[in-house]
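What follows is a single structure, written as structure tokens, with notes after it.
The values are calculated or read from the model by the stated rules, or taken from the named source; none is laboratory data. Please read these numbers as outputs of a predicted model, since none were measured by experiment. Cβ placement follows ideal geometry from the backbone for every residue including glycine, while neighbour counts extend to all protein chains displayed. Heavy atoms of the whole protein, side chains included, go into the accessibility calculation; ligands, DNA and RNA do not. Shrake-Rupley method; radii C 1.70, N 1.55, O 1.52, S 1.80 Å.
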Amino acid sequence: MLEIRIHGRGGQGNVVAAYLLASAAIDGGRYAQAFPAFGAERRGAPVAAFVRIDEHPIRRRCQVREPSFLIVQDPALMEVAGTLAGLQAHGTVLVDGPEAGIDDSGDNEIITMPATRLAMEHIGRPVPNTALLAAFITLTELMPLTALIDALAERFKGPVLENNQKLVEAAAATIEAGRWREVAHGVGA
């Protein structure tokens, strides 16, 4: 079972990102669950959302404590205690940042991509979630990008959907396809 934890701030679309990823996984023929973890947080406060994806029905209902993957929507959260907590050995991190980059100097590979900049260019709002999901799916090849587009179509219509589709394509083009395939598919794990 793959476990993914998404970190961000209230208002960045963390929960929507989790639901979109789970929906895309289901559309891609897998079992998935998504759920948030927040209390009385306000806009801008750190929040987390969780996604599980598996080939079999998922019975686990607890928070994701030892994820294989982290998606971090606000790079400042990389300095907050607990963000990297429990990340599995050789787990990977996808972070929004001002420019693209790869840091593989430690135990966990960290890939930075300009998700917010891409979102501003394509949807006119500083919401990095769709760009990060497109990048994540491209890196892992867990499902085709069309599954994400189908999940977006379940939530959005018209120009909002069209602009998000363009954002998915642009974000996917900035990332090396299949770089995290072995981790995602359990090869060599």
Worksheet, complete the sentence: Percent antiparallel among DSSP beta bridges confined to the range 84-142, nearest 5, equals 40
Discussion item. Please compute the length gained on full extension between D103 and L161, using 0.36 nm multiplied by the number of residues separating them and subtracting their Cα-Cα distance.
Written reply: 17.6 nm
Worksheet entry | Overall Cα dimensions of the chain - principal axes, largest extent first, Å | 40, 36, 36
Worksheet entry | T112, T83, T174, ranked by accessible area, largest first (probe 1.4 Å) | T174, T112, T83
Response to the item:
Full extension between M120 and V80 adds, at 0.36 nm per residue less the Cα distance, a length in nm of 11.9 nm
Worksheet entry | Counted charge near A131, where neighbours are those whose Cβ lies closer than 15 Å (Asp, Glu -1; Lys, Arg +1) | -2
Item to complete: Leaving ligands, DNA and RNA out of it, rank F136, F156 by accessible area with a 1.4 Å probe, largest first.
Response: F156, F136
Discussion item. Please check: in the Gaussian network model of the chain (C-alpha springs, under 10 Å), which one of A172, A49, A81 has the largest mean-square fluctuation.
Written reply: A81
Item to complete: Considering only G158, G101, G28, give the residue with the highest GNM mean-square fluctuation for the chain, with springs between Cα atoms whenever their separation is below 10 Å.
Response: G158
Worksheet, complete the sentence: Here, the range 105-189 modelled as identical Cα point scatterers in vacuum has Debye log10 I(q)/I(0) at q = 0.21, 0.25, 0.27 Å⁻¹ of -0.94, -1.20, -1.32
Worksheet item: Which value at 222 nm does the chain reach when only helices count, each DSSP H run of 4 or more adding -39,500 (n - 2.57), with the total divided by all residues and rounded to the nearest 500 deg cm²/dmol?
Response: -10500 deg cm²/dmol
Practice prompt. Heavy atoms only, probe 1.4 Å: what % of the accessible area of the chain goes to carbon and sulfur, would you let me know?
Written response: 51
